[in-house]
Amino acid sequence: MIAQAFEQIRYPILPEITRAPGRASAQSHYSRREILHIRHYSLYTPRDFDLSPYFQIVKPTLAYGFDYKALIWAGDQKSPAARTASR
C-alpha cells in the first residue's frame, strides 16, 4: 500500500536504471543520461525501502540508547530493575 502511494505521486523507491543506448562512454552529462523505469508497486518489498537511495531509515529508539531489557510486557510481575538484578 505504501509503494502504491509513492507510485501515484511518481516518487522513486528503487527504480530500475538503464543507460541510454550507445552513451556509456560519452563525455557530457546529457549524453550519459540514465533512463529510470518505475516498477509496478506490487513488485516492491519492505527491503526495497532500506536499499533505496531516496529514503533514510530512522530508528530513533536505537539512536537514543534503547534498552530492550527495560520494557515492561503485559503479564510481567517484576519491575525492570528486579529483572536486571536477577540475571
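The values are calculated or read from the model by the stated rules, or taken from the named source; none is laboratory data. In this text, all values refer to a predicted model and were calculated from it rather than measured experimentally. Because the Cβ atoms are built from the backbone with ideal geometry, glycine has one as well, and the counts that use them run over all protein chains shown.
Odds and ends about this structure:
- Only one entry in Ala70, Ala74 is exposed (fewer than 10 other Cβ atoms within 10 Å of the Cβ), of a type in the set (Gly, Ala, Ser), at pLDDT 75 or above and more than 30 Å from Phe6 (Cα to Cα), namely Ala74.
- Within the stretch 4-22, considering residues that are surrounded by 10 or more Cβ atoms within 10 Å (Cβ to Cβ) and among the polar types (S, T, N, Q), the one modelled with the highest pLDDT: Gln4
- Answer residue from the stretch 47-67, given it is surrounded by fewer than 10 Cβ atoms within 10 Å (Cβ to Cβ) and within 18 Å of Glu16 (Cβ to Cβ) and is modelled with the lowest pLDDT among those: Pro53
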